[in-house]
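Remarks on the structure that follows.
Throughout, read-outs are computed from the coordinates displayed, never taken from laboratory work. Bear in mind that the values here come from a model prediction, so they are computed numbers and not experimental data. As a convention, Cβ positions derive from the backbone with ideal geometry for all residues, glycine included, and neighbour counts pool all protein chains shown.
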Amino acid sequence: SLGYVVAVPTLVSLVQSCKDKPVMDWTPDFLTKDQGAALKNLVDIIFPKTDTPSASEVNVHIFIDKFANEVMELKQQEFFKMSMEKFFGKVVKDSGKETLADVTAEDLEPILSSALKVTKEQEIENFKIITSYQEALENQESAQLDEGISRFAFANNLRGMTIWAYKTSEYVGEEVLEYLPVPGEYIGCGDLQELTGGKAWSI
């Protein structure tokens, strides 16, 4: 819903910096420390560790923080922060915890699931409302976005960025997806099951 456009050199530099930064030694650039910790839990709810690494193990949370800080335009940053704060506010309230710092993955999961549990019709309507809200702000008009739709916007955007960042990571690109750094024969209409065992191509 935010329509991100990223130049390839910018994306490459973000991926490289996320790959090089130790996971345990991370101070968010865009988020607060508590928001960063909660974000790390959220991306692992979306991509938990199975026979492949969890999202945080390939630094997806770091990528999203850097993307928000270095790539998003100001109005996108403001919308991301607003919707995120509405989301985390609901988590703290429903969990009965004092602050976001006290929140666990178990507190985050039901709010994330609830925010994303919409029908296709509701999703379309939500996007229309979000677009109207953003247009009102651009026209310098007073506007408020329903808290439920704000949580949907954050959860939906986060899910999309998490999937994107996970697939963009070096490990997933080379070890999970089908990776062929030097392209060979081009087979335009081949069966993916026969060509790669059903795996999507990395590049």
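Which GluC sites (Glu not before Pro) in the range 108-159 sit in a loop by DSSP (not H, G, I, E or B) and have at most 14 other Cβ atoms within 10 Å of their own Cβ? Passing both the DSSP loop test and the Cβ count: Glu141. Pairs from the table (Lys49/Lys128; Lys97/Lys128; Lys93/Lys167; Lys33/Lys128; Lys97/Lys120; Lys86/Lys128) lying more than 30 angstrom apart at Cα are Lys49/Lys128; Lys97/Lys128; Lys93/Lys167; Lys33/Lys128; Lys97/Lys120. Which of the trypsin sites (Lys or Arg not before Pro) found in the range 51-127 are loop residues per DSSP with 14 or fewer other Cβ atoms within 10 Å of their Cβ? Of the trypsin sites (Lys or Arg not before Pro), the ones in loops of the range 51-127 whose Cβ has at most 14 other Cβ atoms within 10 Å are Lys97, Lys117.
List the relative contact order of the range 33-78 as a percent without decimals, with contacts defined as Cα pairs under 8 Å and 6+ residues apart.
Working: 23 pairs, mean separation 13.3, N = 46.
Worked out over the range 33-78, it gives 29 percent.
Sorted largest first, the principal axis extents computed over the alpha-carbon atoms of the range 35-174 equal 48, 36, 29 Å.
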